[in-house]
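Structure, as structure tokens:
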Amino acid sequence: MPFAPITLPAAAGFDPDRLGRAVALARFYGAEGLLVLRGGQIVASLGDPAWKANIRSIRKSILSALIGIAAEEGRIFLGATLEQLGIDDREGLSPAEKQATVYDLLTARSGIMHPAGYESDWMKAIKPPRHAHAPGTRWTYNNWDFNALGTVYERATGRSIPEAFATLLAARLGMEDFAPEDASHIFSEESQHPAYPIRLSARDLARFGQLWLQDGAWEGRQLVPAPWVRLSVQPISDAGQDGAYGYMWWVCRDGVHYPGAILPRDSFSARGWGGHLLLVVPSLDLVLVHRAQTEVEPYRTVDKFALGRILAAILGSIAA
């Protein structure tokens, strides 16, 4: 379904002047795109909603959806260990590391600090030494977990992530701009497990957010099991100033989610390097997409402090 703009933001409960200033603030900080939806309708926008770009680590929340579908079908068991699944890597996993479960990878608690591909400098900096923590005992935002989980999914289902996303999500959600070549694999020398980047437009990404807002249902069809959607955004691990972490989703913890903003307690988000953001606030019936220009150098990244100010301004424009 295409999203229909609301002519008057006031009809959706926004103060038009304050919302306009919030959009101007996003432009000031260098946003390439912005969509604000309430009730499934566009309230405000900035940039071209059809512009496609790499969604970066938002890909992980999409994999969470695919795993939820596969788990419901009985193809993936969260308690299965890497040893049982035959998962290893180039430097070899220790017997202790092989006891990590699918659940540990899904929640970024495997403790496996094996080199991984497609890592940012920040991800490399926060990794503790190899073998420092047993599986399940510590949360670390770790691309090894996310990429290896992609391998687990593809082996269990016999489907590649690009194929599964195209058929199980993109087609069923009626994504307007996505093409099959927009999803792929990226291999690296560091690891056997590839990353799975996806390029999406803001309006197609908003559809995925709306799906989570609607407990996995879309136009009368349950695309992702509703219990999985709810479980995925539980605050399983403390993530410091970012709030909490669930099944490859960032989750608000007592209002803490972005610096400089106090968000509703039920907020959750998918985030990508450089300022790509999909925020969902069920209590406000709100979906927000923020895009940054990370396609062509020089990049125009938007940091989390700027995003916090933008979010505070947008939420502050909702009329009391």
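The values are calculated or read from the model by the stated rules, or taken from the named source; none is laboratory data. Everything numeric in this text was worked out from a predicted model, so none of it was measured. Positions of Cβ are generated from backbone atoms using ideal geometry, with glycine treated the same way; all protein chains shown enter the neighbour counts. Quick note on the areas: whole protein, heavy atoms, side chains included, nothing else; ligands and nucleic acids left out. Shrake-Rupley method; radii C 1.70, N 1.55, O 1.52, S 1.80 Å.
Residues considered: I198, I161, I186. Of these, the only one that is in contact (Cβ under 8 Å) with a residue 24 or more places away in the chain, closer than 16 Å to R56 by Cβ and open to solvent by 10 Å² or more (accessible area, probe 1.4 Å) is I186.
Of all the listed residues (E83, E72), the sole one being more than 20 Å from A292 (Cβ to Cβ), free of Cβ contacts under 8 Å to residues at least 40 places away in the same chain and acidic (D, E) is E83. The set of residues in segment 164-173 being open to solvent by 10 Å² or more (accessible area, probe 1.4 Å) and either part of a loop (DSSP other than H, G, I, E, B) or among the β-branched types (V, I, T) (or both) consists of T167, A171, R172.
Might you check whether a residue that is touching a residue at least 40 places away in the same chain (Cβ under 8 Å), part of a loop (DSSP other than H, G, I, E, B) and open to solvent by 60 Å² or more (accessible area, probe 1.4 Å) occurs anywhere in segment 129-151?
The answer is no, given that none of the residues of segment 129-151 is touching a residue at least 40 places away in the same chain (Cβ under 8 Å), part of a loop (DSSP other than H, G, I, E, B) and open to solvent by 60 Å² or more (accessible area, probe 1.4 Å).
Evaluate the following for F178: is it crowded, with 22+ Cβ neighbours inside 10 Å and more than 30 Å from I112 (Cα to Cα)? So F178 fits the description; yes.
For segment 203-218, a residue qualifies if it is in a strand (DSSP E or B) and either acidic (D, E) or without any contact (Cβ under 8 Å) to a residue 24 or more places away in the chain (or both), and exactly one does: A217. The set of residues in segment 58-89 that are of a type in the set (G, A, S) and surrounded by fewer than 23 Cβ atoms within 10 Å (Cβ to Cβ) comprises A70, A71, G74, G79, A80, G86. Listed by position, the helices (runs of 4 or more DSSP H) inside segment 1-119 whose residues that are over 30 Å from W144 (Cβ atoms) and modelled with pLDDT of 95 or more number at least 2 are 16-28.
No other residue among E176, E189 is in a loop (DSSP other than H, G, I, E, B), farther than 25 Å from P49 by Cβ, modelled with pLDDT of 95 or more and not β-branched (V, I, T) apart from E189.
Number of residues in segment 31-49 that are in contact with a His (Cβ under 9 Å, 6 or more places away or on another chain) and under 12 Å from L286 (Cα atoms) equals 1.
The residues of segment 288-305 that are more than 10 Å from G274 (Cα to Cα) and surrounded by 22 or more Cβ atoms within 10 Å (Cβ to Cβ), listed by number, are L288, V289, H290.
Of all residues in segment 201-214, those that are open to solvent by 10 Å² or more (accessible area, probe 1.4 Å) and under 15 Å from A179 (Cα atoms) total 1. When Y247 is tested against (1) open to solvent by 20 Å² or more (accessible area, probe 1.4 Å); (2) touching a Leu at 6+ places or on another chain (Cβ under 7 Å), just one condition goes unmet, and that condition is (1).
If you filter segment 90-123 down to residues that are within 23 Å of the chain's Cα centre (by Cα) and among the polar types (S, T, N, Q), you find that the one that is surrounded by the most Cβ atoms within 10 Å (Cβ to Cβ) is S110. Comparison of V296, V281, V256, V302 shows that the only residue that is of a type in the set (A, V, I, L, M) and in contact (Cβ under 8 Å) with a residue 40 or more places away in the chain is V302.
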